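None of the figures in this text is laboratory data; all of them are computed from the coordinates on show. All values derive from a computational prediction rather than experimental measurement. With ideal geometry, Cβ positions are generated from the backbone for all residues, glycine too; neighbour counts draw on all protein chains shown.
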Amino acid sequence: MATKLTLYQLDESIRKLFENLPVDEDTGEILPEAAAQIDALHEQFEEKICGIGLYVKELKANAEACKEASAQLSARAKSLNSRADWLKSYALQHMQQNGLVKAENPLCKVSVAKGMPTVSIYDEKQIPEKFYIVKKELSKAAMKIALKDGVDIPGAKLVTGPASLRIK
């Protein structure tokens, strides 16, 4: 049984084969047995690369399934929090209506707490500018368009990103 070479070993074997390629002394053509070796190594190499591609697809599918499960769990958590908030509001309303400040048993203590100070805006147009926050953010999309149009932007330049692998 032939041993399967790793991708690294295949790459190294292909390189060594090309470095020491047996050729016909008279014609300079690659000998048929060398061509057969190249073809065999190339097929194994492609098989390994496709195997990696399939594994990447599997990992992406698992990641998508995790994302879906996360969205479902997030929706469930939101629902549970909403139910808890409603029950707190319900209990507070009834405690206030009945003049009850606290209720307790060995497992739980519930009490009405004094409200915290909060800001209520009744007319935003009257609020002085010093109370507004202005968020400064770069627009890389606009910069990319300008740079492609030949505009010089100090501190920025258009570069080609790294190569990527497409798996379909």
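Things worth noting here:
- Out of ILE38, ILE30, ILE49, sole residue that is over 36 Å from the mean Cα position of the chain (by Cα), within 30 Å of ILE167 (Cβ to Cβ) and surrounded by 10 or more Cβ atoms within 10 Å (Cβ to Cβ): ILE38
- Enumeration of residues in the range 103-130 that are under 41 Å from the mean Cα position of the chain (by Cα) and in a helix (DSSP H, G or I): GLU124, LYS125, GLU129, LYS130
- Scanning the range 136-148 turns up no residue that is surrounded by 10 or more Cβ atoms within 10 Å (Cβ to Cβ) and touching a Ser or Thr at 6+ places or on another chain (Cβ under 9 Å).
- All positions within the range 131-168 that are more than 28 Å from the chain's Cα centre (by Cα) and closer than 30 Å to SER120 by Cβ: PHE131, TYR132, ILE133, VAL134
- Annotation note: of ALA91, ALA113, ALA163, ALA142, the sole residue that is within 30 Å of VAL56 (Cβ to Cβ) and either acidic (Asp, Glu) or out of contact with any helix residue (DSSP H, G or I) (no Cβ under 8 Å at 6 or more places or on another chain) (or both) is ALA163.
- Criterion (more than 30 Å from LEU165 (Cα to Cα), among the hydroxyl-bearing types (Ser, Thr, Tyr) and surrounded by 10 or more Cβ atoms within 10 Å (Cβ to Cβ)) met by exactly one of TYR90, TYR55: TYR90
- Check on CYS50, out of contact with any helix residue (DSSP H, G or I) (no Cβ under 6 Å at 6 or more places or on another chain), closer than 30 Å to SER13 by Cβ and either part of a helix (DSSP H, G or I) or of a type in the set (S, T, N, Q) (or both): yes
- Residues being in contact with a strand residue (DSSP E or B) (Cβ under 8 Å, 6 or more places away or on another chain) and of a type outside the set (D, E, K, R) - total across the range 97-140: 5
- If you filter the range 131-148 down to residues that are part of a loop (DSSP other than H, G, I, E, B) and β-branched (Val, Ile, Thr), you find that the one that is farthest from VAL159 (Cα to Cα) is ILE133.
- Residue in the range 57-71 that is over 18 Å from the mean Cα position of the chain (by Cα), part of a helix (DSSP H, G or I) and not β-branched (Val, Ile, Thr) present: no
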